[in-house]
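What follows is one structure encoded as structure tokens, with my remarks underneath.
The values are calculated or read from the model by the stated rules, or taken from the named source; none is laboratory data. The structure displayed is predicted, hence computed values, not measured ones. Reconstructed Cβ throughout: ideal geometry from the backbone, glycine too, with neighbour counts over all protein chains shown. Side chains included, ligands, DNA and RNA excluded: accessible areas come from the protein's heavy atoms. Shrake-Rupley method; radii C 1.70, N 1.55, O 1.52, S 1.80 Å.
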Amino acid sequence: MNSSIMHLGAENGRITLDGNPNTKPALPAADAIVYAFRDAQGHLLLGDAQLPAAPINNSSSDVFAMAEINRQSVRTLTTRFNSRGGVIFITVADAHREGEPVVRYSFMSTLLWDFVQLDVTLVLVWVGIRLGLRPITRLRDEIAARSVLDLRPIDEGSVPREIAPVAVTLNRLFKMLRTSVQAQQQFIANTAHQLRTPLTGMQAQIDLLLIEPAAQPIQGRLQTLREGVSQLAHAANQLLTLARADPAVNIAAKRQTVQLDSLAADVVGRHIDRALQKDIDLGVDAQPAMLIADPSLIDDLASNLVDNALKYTPPGGTVTVSTGEVDGRPYLSVEDNGPGIPESERPLVRQRFYRLPNSQGHGSGLGLAIVDEIAQLYDAVMSIGSGADGVGTKVTVQFPPTGGAPD
């Protein structure tokens, strides 16, 4: 780049270069530096005519602007000088194309660094939020790991001070719910007693009347009355069992070790007389199996399965109660060779008060609904299939490996 210095002057109102008014305006080349000198009227004194002068007002001496030279956008600087010959506007621009990659690289570097800073900031914010929410997450996981039967108070000393009020509020809620459940359980127990006692007395009185000689003329009516009272007592027991199977009621339910094989034998023993009256072969294939649950609810589950099988199995049929374990999961199943349940009806029989079309007897449609709800209470699965050789029905309740609801 030529480093020579040139001087502008004014003589007789004219601009001169190096003191010679006849010198043709020319400035040393500066690679891609373009320039233009203009007077107050905008007339080009020297330089590149393509380079326009940016409008400049009286209050400013320098103005930056954008211009286009040879289809290239450049940034210009226009400066005003006051001389004896008048006002001179000098406009300068750097049209050096090799500068573009440098500028672009600088811009991209700055942009990349901004992205890095943003990413680091987001990571730090995410880590901070995770650390801040860790106590709440632990509390959430502790509550989520509990079963619906577990209303133990939360240890308020194990939670951070910031969320201690949440633990206190939850414990107050758990206490209110335990009190409500206990009151509901007491109501159910009282209702069961108040219903069963008079119905049992009525059945006893009807049985005595049936053997009285004076009642021989009305034996048929008495027998019908006895069956009606028996069905009423059975329906009352089923409704109470259904109420007891509600998870909200069983939050404070007993959790004891239940030997399924022994329980199945007891249930079969209680139904032997009824099976003999119908000429049904009622048997048990009890292999050792154990779970943790409320013994009375599991007894109700097995009793309803056996009752349902005896109700729909014709005389001369068979009903078999089985227990055992498969892959560490205890199960109880009842199989009969009765009419069976069509596959399309199997989802429906789980509903309360649903009975198969054209079904015989005077059932209430609650038996399998009770079994299904008790099974759900202990995270067990009730499956309904066909019996041996596709004849009859086989209902299996398979409990989880842990053996019922957790403590």
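Worth pointing out:
- Residue match in segment 115-135 (condition: farther than 30 Å from residue 377 by Cβ and outside any helix (DSSP H, G or I)): no
- All positions within segment 272-313 that are closer than 19 Å to residue 237 by Cα, part of a helix (DSSP H, G or I) and among the charged types (D, E, K, R): 274, 299, 300, 307, 311
- Here residue 195 qualifies as open to solvent by less than 80 Å² (accessible area, probe 1.4 Å) and either modelled with pLDDT under 85 or over 25 Å from residue 237 (Cα atoms) (or both).
- With a requirement of 1 or more residues that are modelled with pLDDT of 80 or more, over 15 Å from residue 90 (Cβ atoms) and in contact with a strand residue (DSSP E or B) (Cβ under 8 Å, 6 or more places away or on another chain), the strands (runs of 3 or more DSSP E) lying completely within segment 1-69 that satisfy it span 62-69.
The rows are residues; the columns are (1) within 17 Å of residue 271 (Cα to Cα); (2) in contact (Cβ under 8 Å) with a residue 60 or more places away in the chain; (3) open to solvent by less than 10 Å² (accessible area, probe 1.4 Å); (4) in contact with a Cys (Cβ under 8 Å, 6 or more places away or on another chain).
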{"residue": "310", "(1), (2), (3), (4)": "yes, no, yes, no"}
{"residue": "315", "(1), (2), (3), (4)": "yes, no, no, no"}
{"residue": "320", "(1), (2), (3), (4)": "yes, no, no, no"}
{"residue": "336", "(1), (2), (3), (4)": "yes, no, no, no"}
{"residue": "344", "(1), (2), (3), (4)": "no, no, no, no"}
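- Residue within segment 239-258 that is surrounded by 14 or more Cβ atoms within 10 Å (Cβ to Cβ), within 30 Å of residue 327 (Cβ to Cβ) and at pLDDT 75 or above present: yes
- Looking across segment 346-390, just one residue is under 16 Å from residue 307 (Cα atoms), open to solvent by 60 Å² or more (accessible area, probe 1.4 Å) and modelled with pLDDT of 85 or more, and that is 350.
- Test: residue in segment 204-217 that is under 30 Å from residue 150 (Cα atoms) and at pLDDT 85 or above: no
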